[in-house]
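First comes the structure, then the notes that go with it.
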Amino acid sequence: MNRGLLLRFENLVQLHGVCRQLSTLSSREVCGAQWKPVQLSAHPVGSLLYPQLWPKHRLISAALSQCRYLATKEETKKKRKKIPQTRGEVEIRQKMTVEELAQAMGKDIDHIYEALLYTDINLDSVEPDSILWEDHIKMIVQKSGMKYKSAKLKEEKERKNTDAVKRPPADPAVLTPRPPVVTILGHVDHGKTTLLDSLRKTQVASMEAGGITQHIGAFIVHMPSGEKITFLDTPGHAAFSAMRARGTNVTDIVILVVAAEDGVMEQTIESIQHAKNAGVPLILAINKCDKPEADPERVKKELLAHDVVCEEFGGDVQAVNISALKGENLMVLAEATVALAEVLELKADATGQVEGTIIESRKDKGKGPLTTAIIQRGTLKKGCVLVAGKTWAKVRFLFDENGKAVDAASPGTPVEIMGWKESPSAGDEILEVESEQRAQEVVAWRTYVEQQEKMKKDLEVIEAKQREHRLEYEKKQQKLAHLTWRQRKAVLYKANKHLMFSRPKERTEMDENTLSLIVKGDVDGSVEAILNILDSYDCEDECKLDIVYFGMGDISENDINLAEAFNGVIFGFSVKANESMKKLADKKGIKIKLHNIIYKLVEDLKDELNSRLPPAVVETPIGEASVLDTFSVTVGKNKIPVAGCRVHKGLLDRKMKFKLIRNRDVVWKGYLSSLKHHKDDVQVIKTGMDCGLSLDKNLEFSIGDEIICYEEKEVQQTTSWDPGF
């Protein structure tokens, strides 16, 4: 007998004897008896059924030890019960998630999934945080042999609106003149940055990649007469449409740059539309007039079709012929801008709390989040507490367009702000508040509002999905209408049972033809432009595109770790990766693709998508033959159909694949079982020769059938995605 079992049996017998002796003690006083403990080694197991009397103190201690052992065993059993089994009623409420229902019932999530097999819910779309309908909740509780009761609704107090708002319009008496904010708009490479370069006497254009401005730059130009003009230089590339729209929203005047030799182009029309939407007046600058093929009059006539009427045609748009590269007529353009600004009587309130708009946002390794902003009201100084979007800042430093520290920024002035907790988005409104505590209240309120809106949208999507599944369920029920309810439940369970082995809560491996991206840009507007391009991706059936992370700043170790975890690729725009990051990426096999020109980044992205596509199999015909006669031969006990053919094009190679075409339909594909010429087995039949052939499948031939010999080659596919430029 097993030693362990023997010891346990002995303990039970001892306990039995102890209990008998305790009952004897309770009925009479035992004084003179001699108590001796049982020696297990001296007595066989059978003798333990009649144990000798033990001393009283040993008897009691043995009993207590057994009680302690049993108590400890019961406690261990209780600890093993991880999930308490709820009996009786389960408190339910509307919009419970799968996880919440499992906790309320005292069950694990697997139990809920199994109960859902009897419903119309598609388990592929169910997650632990998925919201269940009330009738499904009740059904699950009932299927589990429990009763339900509705929870008392708690009235949620309406949260007080603590958002910051603009001040009321200022008294006209306190308004003072301010510099005009002028935005330069136009098509790619029509000379916008060169125009600003000539006005500022700097070399901005030579620093830009490919001569194309990649993000907004804000500058002040000082005129010889003493006036100041704030210029915004916007990108001309198609990808930066949103940034051009932002530029017009904060501007007073738009200078539309059109190349004299190219005329009106796609982004020219878009720029005109932006100006009209913002209600901003235009000044036409016809650039590159020094070129022999320049035709300014053609440009003016083309613009008439877009409701841009120059003064010489009876309109109100000033037109100036310039050469930005040679500096011709630039002062005439500047004077036209100043004259229009005087007509507009641009004034602002330089007192009170600051209001402005963020033009661009970026991250600096030493300074942290930085933003370029246009001040529209008040005077910004160091120490001011600002709110923009869902972040805030206590201004630590202010910089002008040349990177020099300044003490204050008045209305109409571009300034770079340092001190943000997080990077706000380009286009966000800046508002000054009284204190840091007030700023935190504003950010908390805006975050709360965004969460509520997101929950509302998520709920709408969930309800739409559930309606869709309910319709599918009703269609299935109609098909099963002739069955009894027990038979219907059994059919539904059998149909859905396989889904239990692939529940959504279990993580699945990433699909091979999925491209995971980490996108990094120099400024917020650049990242936004790239994301807008990626939003236009509509070829999910070819290769899935998954944006794992996006942000501003140079390539970091975190980016490489993310790319490794998701088997992704890092795309950087106007950012850098230092040597240590490059070595780390090489070690982990991560691709880092850095670009300074947007269309080259898109081309590289398309190449990466192409590399993820499975190769396409292309059939190349080698030879063609016609069936002239049919007969059969006997091999053993089997009759094999044979086709008598004549090759009329190319050659038939037995090693290659063949297909049988009848009435323009492919009847069969595969390899030949035999190929003969004058009863001899051959490998190749050339043009004009007759042959007999049989297939690897016993198919009957018909006179007039076509036999095609072809070769299969794998060809790399290319994505059909067109980003639009």
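The values are calculated or read from the model by the stated rules, or taken from the named source; none is laboratory data. Everything numeric in this text was worked out from a predicted model, so none of it was measured. Positions of Cβ are backbone-derived with ideal geometry, glycine not excepted, and every protein chain shown enters the neighbour counts. Surface areas here come from the heavy atoms of the whole protein model, side chains and all, with no ligands, DNA or RNA. Shrake-Rupley method; radii C 1.70, N 1.55, O 1.52, S 1.80 Å.
Assorted remarks:
- Cα-projected label distance for residue 266 with residue 591, points at 7 Å along beta-carbon direction, nm: 2.5 nm
- Taking all protein chains into account, the per residue accessible area for the stretch 514-612 stands at 45 Å² (1.4 Å probe).
- In the stretch 389-436, GluC sites (Glu not before Pro) in a DSSP loop with at most 12 other beta-carbon atoms within 10 Å: 434
- Entries in 276/381; 228/347; 192/228 that, when Cα-Cα distance is taken, lie over 24 Å: 276/381
- Length gained when the stretch residue 367-residue 549 is fully extended (0.36 nm per residue, less Cα-Cα span): 63.3 nm
- Sequence of 438, 298 when ordered by accessible area, the most exposed leading, probe 1.4 angstrom: 298, 438
- Distance-filtered residues of the stretch 631-648 - backbone nitrogen under 13 Å, label point 7 angstrom along residue 667 Cα→Cβ: 631, 641-644
- Note on the stretch 514-612: lysine pairs with Cα distance below 17 Å, sequence gap of 8 or more or different chains, count 16.
- Computed E for residue 142/residue 460 - FRET, C-beta separation, R0 35 angstrom, nearest 0.05: 0.75
- Using a probe radius of 1.4 angstrom, the carbon and sulfur fraction of the accessible surface of the stretch 514-612 is 45%.
- Note on residue 686 and residue 293: their simple-model spin labels are 5.5 nm apart, each label 7 Å out from Cα toward Cβ.
- Placing a pseudo-label 7 Å from each Cα along the Cα-to-Cβ vector at residue 382 and residue 397 gives an inter-label distance of 1.0 nm.
- Across the accessible surface of the stretch 89-150, with the other protein chains kept in place and a 1.4 Å probe, carbon and sulfur atoms take up 40 percent.
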